[in-house]
1. Does region 79-90 include one or more residues that are touching a Lys or Arg at 6+ places or on another chain (Cβ under 9 Å) and open to solvent by less than 80 Å² (accessible area, probe 1.4 Å)?
2. Tally time: how many residues in region 38-56 are open to solvent by less than 100 Å² (accessible area, probe 1.4 Å), at pLDDT 90 or above and more than 15 Å from Gln72 (Cα to Cα)?
3. Could you run through region 19-37 and say how many residues are touching a residue at least 24 places away in the same chain (Cβ under 8 Å) and open to solvent by 50 Å² or more (accessible area, probe 1.4 Å)?
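The values are calculated or read from the model by the stated rules, or taken from the named source; none is laboratory data. As the structure is a computational prediction, the values presented were derived from the model and not from experiment. Note: ideal-geometry Cβ built from the backbone for every residue, glycine included; neighbour counts use all protein chains shown. Keep in mind that these areas ignore ligands, DNA and RNA; they rest on the heavy atoms of the full protein, side chains included. Shrake-Rupley method; radii C 1.70, N 1.55, O 1.52, S 1.80 Å.
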Amino acid sequence: MKKLSQSEHKVLIELFKASNYRLQAFTLSQRAVLPFSKFLNAISVLSEMNLLKTDGAVIELTQSGFYSILSQRKYKTAIRQIPKDFLREGKISLNDFYVPRRSLM
């Protein structure tokens, strides 16, 4: 499978976000925020790759498109892996006074 362009990826992501993986063409073009020529080009390329199918004005994500989006997830983290933003350099001892910040809760 060839690598997807940014506009093609945007179209697939917006279809993936839809509640039933289908949207009308106008709604999809508005959500993807692409020029209409790039949008039509992306739709034609993705339908040739069998990642989505068109039925009149409705564009639907196919099963292969669904799995291609799942395989391209960038942030795969383990459940027990703590994000680096939450780690501290020093530890708080039991006798130290600590008041949490409200903005971080």
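1. Scanning region 79-90, I find no residue that is touching a Lys or Arg at 6+ places or on another chain (Cβ under 9 Å) and open to solvent by less than 80 Å² (accessible area, probe 1.4 Å), so the answer is no.
2. 13
3. Matching residues across region 19-37 total 4.
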